[in-house]
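Below is one structure, written out as structure tokens; comments come after it.
The values are calculated or read from the model by the stated rules, or taken from the named source; none is laboratory data. Nothing here was measured: the structure is a model prediction, and the numbers come from that model. In this analysis, Cβ positions are derived from the backbone assuming ideal geometry, glycine residues included, and neighbour counts consider all displayed protein chains. Surface accessibility is based on the protein's heavy atoms, side chains included, excluding ligands, DNA and RNA. Shrake-Rupley method; radii C 1.70, N 1.55, O 1.52, S 1.80 Å.
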Amino acid sequence: MTDVPDLPEGYEISTDPDRIDVDRVHRRLAGDAYWAIDRPREKQERAMTGSLNFGAYDTVSDEQVAYARVVTDRATFAWLCDVYVDRSVRGKGLGTALVAAVREYLQPMGLRRILLATHDAHGVYEKLGFKALDNPGQWMATGLQ
């Protein structure tokens, strides 16, 4: 596995559900994340309720500046999704540090794999040990809507 990148100075990561700014998360994802454009607020809240939620916060203002969500059974499998870093703080390594924190949080669970999907951030995830599936042909999916 790769080294854990340092969290940029002035930021902290928390899994405390009471700190998550649901309004901000929904606004950012539904308005700026290609995979969640126009996602209804109620659907976002249901997704968050059924997931592990990670927030990154400015230590001075306590403003939430990044978010990640994990769907998991806490035993064999996890799906990392909804990773979003506010445009105003991109380029500082915060996204990489957030994903590393997620990976480290999940490590003691002994999961067989953590999956994710991305169109444009392969380099970020590769730094943290993610790689393309060895046998993508064995995976299948269905859409219900």
With a 1.4 angstrom probe the carbon and sulfur portion of accessible area for the chain, in percent, totals 50 percent
For the range 46-145: accessible area per residue (Å², 1.4 Å): 59 Å²
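Quote the FRET efficiency, to the nearest 0.05, computed for ARG112 versus ASP6 with a Förster distance R0 of 22 Å and r equal to the Cβ-Cβ distance. Walk me through the numbers before you get to the answer.
Numbers: r = 28 Å, r/R0 = 1.28.
According to the calculation, E is roughly 0.20.
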Computed on alpha carbon atoms, what radius of gyration and Dmax characterise the chain, expressed in Å? 15.0, 47
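Sort the following peptides by mean Cβ neighbour count (other Cβ atoms within 10 Å, averaged over residues), highest first: 67-79, 104-116, 88-100.
On the way: 67-79: 16.8, 104-116: 13.0, 88-100: 18.4.
Highest to lowest by the protection proxy: 88-100, 67-79, 104-116.
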Between the range 21-52 and the range 85-132, how far is it from one alpha carbon centroid to the other, in angstrom? 19 Å
With every protein chain kept in the model, how would you rank SER14, SER61 by accessible area, 1.4 Å probe, largest at the top? SER61, SER14
Quick one: Karplus J couplings for the range 107-120, per residue in order, coefficients 6.51, -1.76, 1.60, θ = phi - 60°, nearest Hz, x for Gly and Pro? 3, x, 6, x, 5, 6, 7, 10, 9, 7, 9, 8, 9, 9
Apply 1/(1 + (r/R0)^6) to the Cβ-Cβ distance of LEU133 and THR49, taking R0 = 22 Å, and write down the FRET efficiency to the nearest 0.05. 0.15
